[in-house]
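Let me begin by presenting the structure, written as C-alpha cells, before commenting on it.
The values are calculated or read from the model by the stated rules, or taken from the named source; none is laboratory data. As the structure is a prediction and not an experimental result, all values here were calculated from the model. Quick reminder, even Gly has a Cβ in these numbers, built from the backbone with ideal geometry, and neighbours come from all protein chains shown. In case anyone asks, the SASA skips ligands and DNA or RNA and just uses the protein heavy atoms, side chains included. Shrake-Rupley method; radii C 1.70, N 1.55, O 1.52, S 1.80 Å.
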Amino acid sequence: MGNLCAILAPKPAKRKPIKRLPNPSAQPNSSNRWTRVRSSRKEKLDDALIQEQALAAAILFQQHQQNGSLPFDRSASLRYPNSTSKKGSNALPRSSSSRARSLTDPLLQPHQLVNQDVKLDDLETNHFVLVHGGGFGAWCWYKTIALLEEGGFKVTAVDLTGSGIHSSDTNSVTSLSQYVKPLSDFLEKLPEGKKVILAGHDFGGACVSYAMELFPDKVAKAIFIAAAMLKNGQSTLEMFSQQASSDDLMRQAQVFLYANGNDRPPTAIDLDKSLLKDLLFNQSPAKDVTLASVSMRPIPFAPVLEKLSLSDLKYGSVRRFYIETSEDNAIPTTVQESMIKESPPEQVLRLKGADHSPFFSKPQALHKLLVEISKISTAPKFRPQEQEEAKTTLACDQSLNFQVQMLPSFEITCLVWDLLLEIGKENMGRGVSCGGGKSSLGYLFGGGETATANKTPKTTNSTPPPPQNASPAPAPSPAPASSPSGKQLPAGIHSKPTNNYLRVDGQNCGNFITDRPSTKVHAAPGGGSSLGYLFGAPTMTTVVQTSEEDPALAVVRFTSELAWADAGHEVAEPQVTRLCAEAQECVEMGRSFDLVSLMLTSAEVILSKVSEKDLECIFTVICNVVTKSESPDEALEMAKLISSKITQKPSDKPALRVKILFNLYNLLENPYSRFLVYLSALNLAINGKVAEHVIPSFKKVESFLKEWNIGISDQRQLFLAIANVLKEHKNLAKESFKFLTKYLATFSGEDAHTLSEAKEEAVRTIVEFVKAPDMFQCDLLNMPAVEQLEKDTKHALAYQLLKIFLTQRLDAYLEFQAANSDLLKSYGLGHEDCITKMRLISLMDLGSDESGQIPYGVIRDTLKINDDEVELWVVKAITAKLMDCKMDQMNQVVIVSRCTLRVFGEEQWLTLRTKLATWRGNIANVISTIRANRIADDGSQAVQGLVIR
C-alpha cells in the first residue's frame, strides 16, 4: 500500500559522482550556508512527519474513546486472523511481515483514512458491482476489491461473456445482450428491494448503461470510470470514431480478427501487445502491465457496433457519476468531456495523474472517490402537486416556517415530507387533494368523508358508517322510498339533499348514484377497444344502466349546480331547474344532439373546478349519449361537436383530453366517425405536447386504414398529422420520414394545382433525408410531388441537393455547398455532417461497381481523405451496414461482396431482371449438361453389360 509519510516526503535521488572544479572565488562561509539549507530541509521534513503522526494519533484516540479499541491495521502486508480473539472482537489481525517497524511508518494506511468515517448502515447500499472494460476481466479490479472489502463493503466483479475466465469464445459473441448476460443474470437474481452501485470501466460503461435500462429499480448509482457513457441511439464505435485521428494510439493498436472468414465482417478486436503500455498503462506499475499483457483477451466486435436504446423513464431515473482520467491515452479527456457534455451526469470527478486504468495507476485515489460517491445521500423527491401543497402548508404556519429555516436543506425536506404525510392522512377525502390522494370532489365519487360546507360531517340519521375495511358491495341496491337518505351537501353548493352523488371505489371513471341507484360507469372487460392498449389493459370505458334515471340527467344536474354555485341559492335554483327541465325534454324527445350540446356547455364551465377523475366520469357519460343515436349522421355530428369542444384548449389538462377522445373513439361504431376522432386526438397531442400518449398507436395505422376505408384526401391528413407528431422526437426521425413519404406518395397522378399543395412538405422531406445520419436510400426522386420542385424557381435548389445525395459523389456536394452555403444553413444542415454522409454515400457508390474491388487510392481520392484514413471509413461503412467487404492490406484493395444501392428505380429493376435472366440461363445450361452426362453414363454402362455377357 505504501507508506503515508514516505508518500508525502521527497525521495532521495541517487547522485552520480561528479568532478568539482576549484572555485577560487568561494566565500569562506559558504559551507555554513549549505549546512543551514540542509538543516532547514530536515526540519521541514520532521515537522511534516510530526504533523502527520499527530493527526493519525488524534483520529485513533477519538476512535479509541468511541469504540474502546483500535480499529485500524498498522500494516498493508498479508494478514492472518487472530485465532485467540473471540468472534466479533476488534483486535488487530496478525501481520505476516517480518520488516522491522520504523518511526516513519504511518499509524494509519491511506485507505483507512478514507474508510474511517463511513457508516455502512447509513448508506443506500454498500454493494459494489464492478464491470470491466473491453479486453479486461474481473482480475483487473483486484486492488479495488481489496480496498473496498477492507472498508466493509460488499464487492462483486463479473466476467462478461468471452472475457476474463469466462469459457465462451470471444468471436462467438454476436450482440450486446449476449456480452452483458453475466451482469444481467446477476441483477435479475438480485432480491427485490436490494440495490447495487454499478461501476463500469471503458466499454463496461456501455454495459452498465444497458443494465440500467433493464433494471433501473436495482441500480442505486452508476459510476462511469473513463468509460463509454453513450446517449440514446449511439454505439460505442460511433462515439470513438468521431474523435479518431491518424495518430490515434487506439487506432494504431487495433488488430481486427476475422473468425468467420476474410469476406465477412470482423468478429473481434485485439490490441497490439507492444503498444499496451503506451495506450492503457502509461502511468501504471510494471508488474500490473505484465499481468495485463498475459491476461487480456480480444474484444467482441458486434457489441461495439450495437446502438443503445436508452429511455429517460428507465435509464434516466438512475443517478450517474463520471470519473475522468487526466492522463488517458485510450479515451482522451476531450472525448470524455464530449460525452459528459452530451449526456451530463449528476457529478463529474477527476483523477489527476491517472491513465486509462486507474485501478492500477491510482488505486487509492479511485477507492476514495468510490467511497465518496457511495456516501452521497438521496433526498425524497416531491411530485409537483406535493411541492405546492408543502409551500401552502408552511405558509399557513409561521412558527413552523421559522423552525424550518433554521434546519439544513435535507432536514427541511424530511420535515416537509413527514408533514405532508400527516396532512394527507388527516385531509384525505375531505375535499383536499394531497399527494395524489382521492378526488377533491369526494362526495361525487365516494371513498372517504363527504365534503361539507363547514367541513363537519352532518347526517340525518343515526346509522353508523360502515367500517373502512369492509368489502364494498358489488353493486348498490335500491333503497326504500320511505327510508331517510342521510345526505350531505357538497361544499359551496346550495342544493337539495336529494342532489348527492357518490362514486363506488375501484372504478376508473366513477359511479354516479343518486337517491336510488341509477348508473355505474366502469371498465367492462372485453370491450374490444382497438386502442385499449394505450391505457394499460384490454378494457374500455362503458356505461351500465342500473335503474330508471338517465345518467345524462344526473350529469346535467351536477354540472349546473356547480356552475351556478357562486351565484347564491336564490339565483342558482331556478337556473338549475331550467337546465334539468331542458335536459329532460331532450331525453324524452330523443334530441340527442341538443342534449350533448347542453351537457358540454355546462361541463365546459366547470372544467377548472373539478378534478380529472370527475371530468373523466362526466365526459364518459356525455360520450355515451352518442351511442343512443339511431342516425349515423347525427352520431357523426355529435362526435364532431364533442371533439371540437375537447380540442379547444389543448394546454389545459391535455393528457386527460386525449384520454377522453380515445374513450369516445371506443364508443363509436361508425368507421369514419372513429377516423375523425382519432385525427382530433393527433392534433390535440401536437398542440398539447403530449405526443407520447398517441405514438404507440402508430404501429397499428395500417389496420386502422383497412377498418376506416377512408379516401386519399383523408389519408393525406392522417399521414401529415402523424409526421407532425413524430417531428418533435429526434429519435423517431426515421418514422417521421416514413409517414412524410407516404403523404407525398398520395399525390401520384394529380394535377398541377393539387401537386402544389405538397411543395413545402416535399422540401421538408428532402431536408429530413439529408439531415438524418443513418438514412442513405429513398425513392423520392421519382415521386411527382418531389419532381415538380426541379422546375420551381423557389425550391429548385432543394431538388438539386436531393439529386446530389442520391446520384452523385462528394465533389458534387462540395461544389454545391460553395455556391449555396446560406441555403444549407437556412435548412439547418451542418456542413461537416453533410460531408460525413456524402463520404459514406460515395463509398457506397464505389462499392456498387461491377468489378467488386475498390483500390485504396480510389477511395482516398473520392472521399478526399488521407491514406491512413481509408480503412477507418471502410469500417464506418460496414458499421452502418452499407456494405459487406474485406480489406486486402497487402494489395491495398477493398473486396466488396454486398453493397446497398441509394435508389432502386426502373433502371435498377431492369438490371435485376437481366441478372435473373442470366442466372436462369446458366442454371438451365447446368441442368442440360447434367442430363447429357447422365445419358452418356447410362449408355456406356449398357454397352459394358453387353460386352460382359
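Around the Cα centre of the stretch 147-242, unit charges on the Cβ atoms of Lys, Arg, Asp and Glu (plus for the first two, minus for the last two) sum to a dipole of about 240 debye.
Each peptide in 252-262, 323-333 was scored by the mean count of other Cβ atoms within 10 Å over its residues; highest first, the order is 323-333, 252-262. Approximating the spin labels as points 7 Å out from Cα along Cα→Cβ, the residue 913-to-residue 194 distance works out to 6.6 nm. Gain on full extension, evaluated as 0.36 nm per residue between residue 252 and residue 929 minus their Cα-Cα distance, stands at 238.4 nm. Each label was represented as a point 7 Å from its Cα along the Cα-to-Cβ direction; for residue 706 and residue 628 these points are 3.6 nm apart. Summing Lys and Arg as +1 and Asp and Glu as -1 over all other residues whose Cβ lies under 9 Å from the Cβ of residue 897 gives a net charge of +1. Placing unit charges on each Cβ (+1 for Lys and Arg, -1 for Asp and Glu) gives the stretch 127-375 a dipole about its Cα centre, and among 146, 358, 348 the Cα reaching farthest toward its positive end belongs to 146.
Peptides 652-659, 345-352, 148-155 ordered by packing proxy, namely the average of other Cβ atoms within 10 Å per residue, highest first: 652-659, 148-155, 345-352. If only the Cβ of Lys and Arg carry +1 and only the Cβ of Asp and Glu carry -1, the dipole of the stretch 625-726 around its Cα centre is close to 440 debye.
One Cα centroid belongs to the stretch 580-620, the other to the stretch 868-915; the line between them spans 65 Å. On the beta carbon distance between residue 640 and residue 756, with R0 = 30 Å, the FRET formula returns roughly 0.55.
Could you work out the local net charge near residue 373, counting Lys and Arg as +1, Asp and Glu as -1, over the other residues with Cβ closer than 13 Å to its Cβ? All intermediate terms of the calculation are to be shown ahead of the outcome.
On the way: positive: 221, 319, 320, 368, 375; negative: 124, 346, 372.
Once positives and negatives cancel, what remains is +2.
List, in the order given, every pair from 341/700; 659/881; 221/307 whose Cα-Cα distance in the structure shown is over 32 Å. Long pairs (Cα-Cα over 32 Å): 341/700; 659/881. Projected onto the charge dipole of the stretch 127-375 (+1 at Lys/Arg Cβ, -1 at Asp/Glu Cβ, origin at the Cα centre), which of 228, 177, 318 gives the Cα projection farthest towards the positive end? Looking along the dipole axis, the top candidate is 318. Cα centroid separation, the stretch 831-866 to the stretch 630-687: 51 Å. Here the accessible area of the stretch 127-375 is 50 percent carbon and sulfur, with a 1.4 angstrom probe and all protein chains present. Toward the positive end of the charge dipole of the stretch 647-754, with +1 on the Cβ of Lys and Arg and -1 on the Cβ of Asp and Glu, the farthest Cα among 752, 697, 680 is that of 697.
The figure for residue 919 is an accessible area of roughly 140 square angstrom, using a 1.4 Å probe on the protein chains alone. Entry comment: accessible area of the stretch 127-375 is 38 Å² per residue, from protein heavy atoms only and a probe of 1.4 Å. Shape class of the stretch 127-375 from the Cα gyration tensor (axes a ≥ b ≥ c, square roots of the eigenvalues): rounded, since a/c falls below 1.5. Quote the FRET efficiency, to the nearest 0.05, computed for residue 289 versus residue 121 with a Förster distance R0 of 45 Å and r equal to the Cβ-Cβ distance. Computed FRET efficiency for residue 289 and residue 121 comes out at 0.70. Modelled this way, with points 7 Å down the Cα-to-C-beta line, the labels at residue 779 and residue 334 are 4.4 nm from one another.
Once the piece of chain linking residue 312 and residue 604 is laid out straight, how much longer is it, given 0.36 nm per residue of separation minus the C-alpha distance between them?
Length gained between residue 312 and residue 604: 101.6 nm.
For residue 584, project a label point 7 Å along Cα to C-beta. Then give me every residue of the stretch 554-576 with its amide nitrogen under 15 Å of that point. Zone members listed by number: 554-558, 574-576.
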